[in-house]
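S.K.: Here it is, the structure in full.
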Amino acid sequence: MSDLPGASHQPFGDLEETWTEVDGHLIRSFSTGQRTALPEVVLIPGMGAPLALYPWARRIGRWSRATVLDLPGWQHGHGRGSPSTVAAVGAAAARWLEVTDAHDVVLVGHSSGSQSALHVARLVPERLVGLVLSAPTLDPRVRRLPVLLVRLLEAVVQERPTELPTALPWARGVVPWFRLAHSVARDRPEHLVPVVRPPILLLSGENDRFAPPVWAKHLASLVPSSHVVIPGPHNACFTSPDAADTALHQVVLRWISAADPCSGPV
């Protein structure tokens, strides 16, 4: 790992910014909390929008270390940490785990980040103790770009006004955003869910139009896994971070207990 000297600071209160060199590219991450007896949680944002995960990360930081990866790395005009495709984001996140020598990680992917998280689980399963797919894209009915754009407009209406700057494409450039959206539509998470090794939690917003609960429930049926529905739209982890955190914390405790039946309460 090669963290840039002087590049670690706290521009978002308790979230510490770190730049890590991975295969000649710089990957930025934001962390909060301290490592405990529970696993560290690493989060991959959807559509390259890490700001949308900060409220949830702050809740996780109350009981463990939480790190949000800024991938592809375009939000604030800095160098790209990876190409803007689902698979490339997953490959970069997997290499980040290797370079930082992260072990026993709970990996959380939100929206398109859930698709990238599945690629991570295929590449470095030995580094994960669990996988959380929050608002997992993409409902097969939305995989044509015109339909996807209509659903995007519908989702914008549902989200809180304060959230929109964290998620919309002009914050990072229209061309790379559309490249990522195209890869989201072409990716097939239903092919990866049955072959990844870590246990899985599916997390849905009850009013999600991109990844409705019925789609997440279908993915959950492909393997032994849990499916939890929380209040909110596609970005329910932003609008209802306490509910998202409760679901995550409870499943992590179950995973740890199943892995070590002799362990007591954490």
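The values are calculated or read from the model by the stated rules, or taken from the named source; none is laboratory data. Keep in mind the model is a prediction, meaning the values are calculated, not measured. Using ideal geometry, Cβ is built from the backbone for each residue, glycine included, and neighbour counts are taken over all protein chains shown.
S.K.: Scanning the stretch 1-36 for residues that are modelled with pLDDT under 90 and outside any loop (DSSP other than H, G, I, E, B), which turns out nearest to the chain's Cα centre (by Cα)?
M.R.: Within the stretch 1-36, the first condition is being modelled with pLDDT under 90, and the residues that meet it are 1-14.
Still in the running and outside any loop (DSSP other than H, G, I, E, B): 3, 9-12.
Values: 3: 22, 9: 22, 10: 21, 11: 21, 12: 19 Å.
Looking at residues that are modelled with pLDDT under 90 and outside any loop (DSSP other than H, G, I, E, B), I get 12.
Conditions (1) outside any loop (DSSP other than H, G, I, E, B); (2) free of Cβ contacts under 8 Å to residues at least 60 places away in the same chain; (3) closer than 22 Å to residue 136 by Cα, marked per residue:
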{"site": "38", "(1), (2), (3)": "no, no, no"}
{"site": "42", "(1), (2), (3)": "yes, no, yes"}
{"site": "54", "(1), (2), (3)": "yes, yes, yes"}
{"site": "59", "(1), (2), (3)": "yes, no, yes"}
{"site": "73", "(1), (2), (3)": "no, yes, yes"}
{"site": "94", "(1), (2), (3)": "yes, yes, yes"}
{"site": "98", "(1), (2), (3)": "yes, yes, no"}
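S.K.: If residue 34 meets every condition in (1) surrounded by fewer than 22 Cβ atoms within 10 Å (Cβ to Cβ); (2) in contact (Cβ under 8 Å) with a residue 40 or more places away in the chain; (3) of a type outside the set (Gly, Ala, Ser) apart from one, which number is that one?
M.R.: Condition (2) is where residue 34 drops out.
S.K.: Which of the residues spanning the stretch 100-124 are touching a residue at least 40 places away in the same chain (Cβ under 8 Å) and farther than 30 Å from residue 148 by Cβ? Spell out how you get there, then give the answer.
M.R.: Step one: of the stretch 100-124, the residues touching a residue at least 40 places away in the same chain (Cβ under 8 Å) are 100-102, 104-122.
Hits for the stretch 100-124 are 100, 101, 102, 104, 105.
S.K.: Of the conditions (1) part of a helix (DSSP H, G or I); (2) farther than 28 Å from residue 175 by Cβ; (3) in contact (Cβ under 8 Å) with a residue 60 or more places away in the chain, residue 87 clears all except one; give me its number.
M.R.: All conditions pass for residue 87, except number (2).
S.K.: Identify, from the list 263, 257, 240, 221, the residue that is touching a strand residue (DSSP E or B) at 6+ places or on another chain (Cβ under 8 Å) and either of a type in the set (Gly, Ala, Ser) or modelled with pLDDT of 90 or more (or both). I'd like the intermediate steps shown before the answer.
M.R.: Numbers: 263 fails: touching a strand residue (DSSP E or B) at 6+ places or on another chain (Cβ under 8 Å); 257 fails: touching a strand residue (DSSP E or B) at 6+ places or on another chain (Cβ under 8 Å); 221 fails: touching a strand residue (DSSP E or B) at 6+ places or on another chain (Cβ under 8 Å).
On inspection, the qualifying residue turns out to be 240.
S.K.: Next up: With the requirement that a residue be in a helix (DSSP H, G or I), at pLDDT 80 or above, surrounded by fewer than 20 Cβ atoms within 10 Å (Cβ to Cβ) and of a type outside the set (S, T, N, Q), what does the stretch 159-212 give you? Working first, answer last.
M.R.: Step one: of the stretch 159-212, the residues in a helix (DSSP H, G or I) are 161-167, 169-171, 174-186, 189-195.
Applying the additional criterion that residues be at pLDDT 80 or above yields 175-186, 189-195.
Subsequent filtering for residues that are surrounded by fewer than 20 Cβ atoms within 10 Å (Cβ to Cβ) retains 175-176, 178-179, 182-183, 185-186, 190-192, 194-195.
Matches in the stretch 159-212: 175, 176, 178, 179, 182, 185, 186, 190, 191, 192, 194, 195.
S.K.: Sort out which residues of the stretch 120-147 are closer than 17 Å to residue 68 by Cα and among the β-branched types (Val, Ile, Thr), and write them in order of number.
M.R.: Within the stretch 120-147, 120, 132 qualify.
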